[in-house]
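Below: the structure, in structure tokens.
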Amino acid sequence: MSTMKYVMILTVVCTAGLSLEAHAGPLVGITVAPGDTLRTLCRQHLENPDSCREIYRLNHMRNPDLIRPGQRVMVPAELLRGIPAEGVVSFVTGEVRYYRAAGEEGRPPQVGESLEEGGRLETGGDGTVEVTFGDGSSFLLKPDSVLSLVRSRQKGDEFVLRNLFLKTGRVLSRIRKATGHEQRYNIRTPSAVAGARGTEFRVSVDEEETTRSEVLAGTVAVEAMRREVMLHEGEGTGVRKGEIPAPPRPLLPPPRPLGVSPVYKSEPVRIGFSTVAGANALRATLARDGEMRAVVRERVMPVGEAFEVSGLDDGSYFLQATSIDEKGLEGKPLAPVPVVIRLNPMPPNVEAPREGAEYRSTTVTARWLRVGGATGYRIQIDGDHSFTSPLVDQRVEGVEQKVELGYGSYHFRVASVAPDGFQGEWSDALSFSLVKPPPTPAPAGAPEDDGKQMRIRVRDAGKGITYRFQVARDEQFADLLQDTKVEVPELVIPRPDAGTYYVRTLCIDAKGNEGSFSPPQSFVIERRFPYGMLGVAGGIVGLIIGLVL
């Protein structure tokens, strides 16, 4: 089937009642010079010389060969040949390719570069490009779109004709109507033609070649298959290929963002939205500028699902959202909402205290790794995980801090601080406990020496306590004679050789935690008199005396 069978005319006008008849636009007067004929004037001034017959009828000429010098011939401005009125790339970001002419290799366009007739723009998933014309009109080509500038002509002093072809994707057009000027601005798609004067509207074409138009300012006349509907500001319609326009539908209001944080310090950034009656989905867009041109993230999501983004640089952004109804029409846009993301400096990695650790002390030493870009750190310790009334809240220059606390359970966290005083996100809170250590045992008396064994006693420290005894030959306990754990408060060892010895003791609780050693105590093993050797010697002497006698 012929493609033309499916072409529908979508005409956008600013004033209700403006006829769609040809030449409804302004007329331009051409003064006849000596020697001119109507045919020579048509060849010289008209884009299509075959339109000369229309000029003849418009001017009610009885004989087109009889025109006089000085006579004014009125010509519809849109029929004039005109001069190129190229657009200029005013903004570009992301993946964008410009094909100057068919068959030429594409390249990234540059801001300030002209978009010539026949040129084609293609945007990738993160690409956006804006083209602005001399009269202030512009179009913003969204990601994943293909658009060609078929024709852009200045015709006379008061008329501009622009024809664009949107093969796929989305384009937002802002048409500026200057006083005393007229323009015909057409956007053709594979299934429709949109013509606009002095308005702001969106045109999109999907994979099924359905064209949708949503009017943000002005009044729009939509015609297809010889049927016309009028759209006023805040209304939209869809035109399916080969069908008449759907009745106008009010555009849905935008969803409201819920609980936007003044500053986002961690990823992912997650923003929820209110539910809009009649919405089947919503489009959320995050851009670097309030004009929503420098898009960094965009997503269409089901109603009720939060907008999540990650991998963003620190900086200021703007959030915008639209509701999408069951027909796929996008509603009015949300006024851009500022969003600040600052992930740096990152929270430090904590080395101590360890999660769930128990320390037998009234002090804890907190340590963390140094963070690049941080000039200081802030630590907090609290008995409650909410940190609403922290017991310790200190600014620390280094990466270690010793804190004195009482026995109990605590929570610790630390954040990095930038040179400008900005505090980054807190580290994960770690819980720890300071537990009273086992008591230090006290000696029950001097060691008992029965000549064969030594018995060393300490006072009973209570149920569940194990005792550790150390006996050494030196006060530093480097030369250990005994290092023994027993379940009773005494140690029995063989009587050592004569000399001075040192003993100390500590208690071990039921969890295996050791307390502190008692202060060293010394005891002396005296050298005993050798009565056995004396008897032997006496016997030997008696034997010798007996032999002599």
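The values are calculated or read from the model by the stated rules, or taken from the named source; none is laboratory data. These figures come from a predicted structure and were not determined experimentally. Glycine also receives a Cβ, built like all others from the backbone with ideal geometry; neighbour counts cover every protein chain displayed.
Counting just the residues of the stretch 33-74 that are within 22 Å of R153 (Cβ to Cβ) and hydroxyl-bearing (S, T, Y), which one comes out surrounded by the most Cβ atoms within 10 Å (Cβ to Cβ)?
Once the filter is applied, the top-ranked residue is S51.
Please go through (1) at pLDDT 95 or above; (2) more than 30 Å from V435 (Cα to Cα) for R455 and return the number of the only condition it doesn't satisfy.
Against the list (1) at pLDDT 95 or above; (2) more than 30 Å from V435 (Cα to Cα), R455 comes up short only on (1).
Taking the criterion of being in the same structural domain as Q482 (by TED's automatic domain parsing), buried (at least 18 other Cβ atoms within 10 Å of the Cβ) and out of contact with any Gly (no Cβ under 6 Å at 6 or more places or on another chain), would at least one residue in the stretch 449-456 satisfy it?
Yes, that holds for at least one residue.
If you check V300, V337, which single one turns out to be touching a Leu at 6+ places or on another chain (Cβ under 7 Å), farther than 21 Å from E233 by Cα and not basic (K, R)?
On inspection, the qualifying residue turns out to be V337.
Could you look through the stretch 54-96, keep only residues that are in a loop (DSSP other than H, G, I, E, B) and among the small types (G, A, S), and pick out the one that is nearest to T31 (Cα to Cα)?
Narrowing the stretch 54-96 to residues in a loop (DSSP other than H, G, I, E, B): 59-71, 81-82, 85-86, 94-95.
Checking the rest, the ones that are also among the small types (G, A, S) come to 70, 82, 85, 94.
Numbers: G70: 6, G82: 17, A85: 24, G94: 50 Å.
Ranking the candidates gives G70 first.
If E228 meets every condition in (1) more than 34 Å from the chain's Cα centre (by Cα); (2) surrounded by fewer than 20 Cβ atoms within 10 Å (Cβ to Cβ); (3) outside any strand (DSSP E or B) apart from one, which number is that one?
With (1) more than 34 Å from the chain's Cα centre (by Cα); (2) surrounded by fewer than 20 Cβ atoms within 10 Å (Cβ to Cβ); (3) outside any strand (DSSP E or B) applied to E228, the lone miss is (3).
Of the numbered conditions (1) within 17 Å of T322 (Cα to Cα); (2) surrounded by fewer than 20 Cβ atoms within 10 Å (Cβ to Cβ); (3) outside the structural domain of S145 (by TED's automatic domain parsing); (4) in contact (Cβ under 8 Å) with a residue 12 or more places away in the chain, A217 satisfies every one except a single condition; which is it?
Here A217 meets the rest and fails (3).
R184: farther than 24 Å from R227 by Cα, touching a Gly at 6+ places or on another chain (Cβ under 7 Å) and at pLDDT below 90, yes or no? Lay out the reasoning, then the answer.
Working: farther than 24 Å from R227 by Cα: no; touching a Gly at 6+ places or on another chain (Cβ under 7 Å): yes; at pLDDT below 90: yes.
When the stated conditions are applied, R184 does not pass them.
Looking at the stretch 422-444, I want the residues that are buried (at least 19 other Cβ atoms within 10 Å of the Cβ) and outside any loop (DSSP other than H, G, I, E, B) and have a partner that is at pLDDT below 95 and of a type in the set (F, W, Y) with Cβ atoms under 7 Å, at least 6 apart or on another chain. Which pairs are those?
F432/Y359; L434/Y359; L434/Y407
So, K463, is that one free of Cβ contacts under 8 Å to residues at least 24 places away in the same chain, in a strand (DSSP E or B) and under 60 Å from the mean Cα position of the chain (by Cα) or not? Walk me through it before giving the result.
On the way: free of Cβ contacts under 8 Å to residues at least 24 places away in the same chain: yes; in a strand (DSSP E or B): no; under 60 Å from the mean Cα position of the chain (by Cα): yes.
Considered against the rule, which asks whether it is free of Cβ contacts under 8 Å to residues at least 24 places away in the same chain, in a strand (DSSP E or B) and under 60 Å from the mean Cα position of the chain (by Cα), K463 comes out as no.
Can you tell me which condition P245 does not meet? The list is (1) part of a loop (DSSP other than H, G, I, E, B); (2) in the same structural domain as V300 (by TED's automatic domain parsing), and all the others hold.
(2)
When G376 is evaluated against the numbered criteria (1) of a type outside the set (A, V, I, L, M); (2) in the same structural domain as F412 (by TED's automatic domain parsing); (3) within 30 Å of E233 (Cβ to Cβ), which criterion, by number, is the only one it fails?
Looking at each condition in turn, G376 falls short on (3).
Being in contact (Cβ under 8 Å) with a residue 40 or more places away in the chain and assigned to a strand (DSSP E or B) is the filter here; which residues of the stretch 97-138 pass it?
Once the filter is applied, which keeps residues that are in contact (Cβ under 8 Å) with a residue 40 or more places away in the chain and assigned to a strand (DSSP E or B), the stretch 97-138 yields T123, T128, V129, E130, V131, T132, S138.
Could you check, for the stretch 385-394, whether at least one of its residues is modelled with pLDDT under 95, closer than 30 Å to G515 by Cβ and either surrounded by 18 or more Cβ atoms within 10 Å (Cβ to Cβ) or in contact with a strand residue (DSSP E or B) (Cβ under 8 Å, 6 or more places away or on another chain) (or both)?
yes
Considering each of A246, A281, A306 in turn, give the residue that is at pLDDT 95 or above, out of contact with any Lys or Arg (no Cβ under 6 Å at 6 or more places or on another chain) and of a type outside the set (D, E, K, R).
From the options A246, A281, A306, the qualifying one is A281.
Within the stretch 413-420, can one find any residue that is in a strand (DSSP E or B) and of a type in the set (D, E)?
No - not one qualifying residue is present in the stretch 413-420.
Could you grab me the full set of residues in the stretch 390-415 that are among the hydroxyl-bearing types (S, T, Y) and within 22 Å of K265 (Cα to Cα)? Write out each step before concluding.
Looking only at the stretch 390-415, we keep the residues that are among the hydroxyl-bearing types (S, T, Y), and these are 407, 409-410.
Of everything in the stretch 390-415, nothing turns out to be among the hydroxyl-bearing types (S, T, Y) and within 22 Å of K265 (Cα to Cα).
State all residues of the stretch 288-308 that are farther than 27 Å from E326 by Cβ and either buried (at least 16 other Cβ atoms within 10 Å of the Cβ) or within 14 Å of the chain's Cα centre (by Cα) (or both); if no residue qualifies, say none.
The answer is R288, R293, A294, V296.
With the checklist (1) aliphatic (A, V, I, L, M); (2) assigned to a strand (DSSP E or B); (3) surrounded by fewer than 17 Cβ atoms within 10 Å (Cβ to Cβ) in hand, flag the one item I271 doesn't pass.
I271 satisfies every listed condition except (3).
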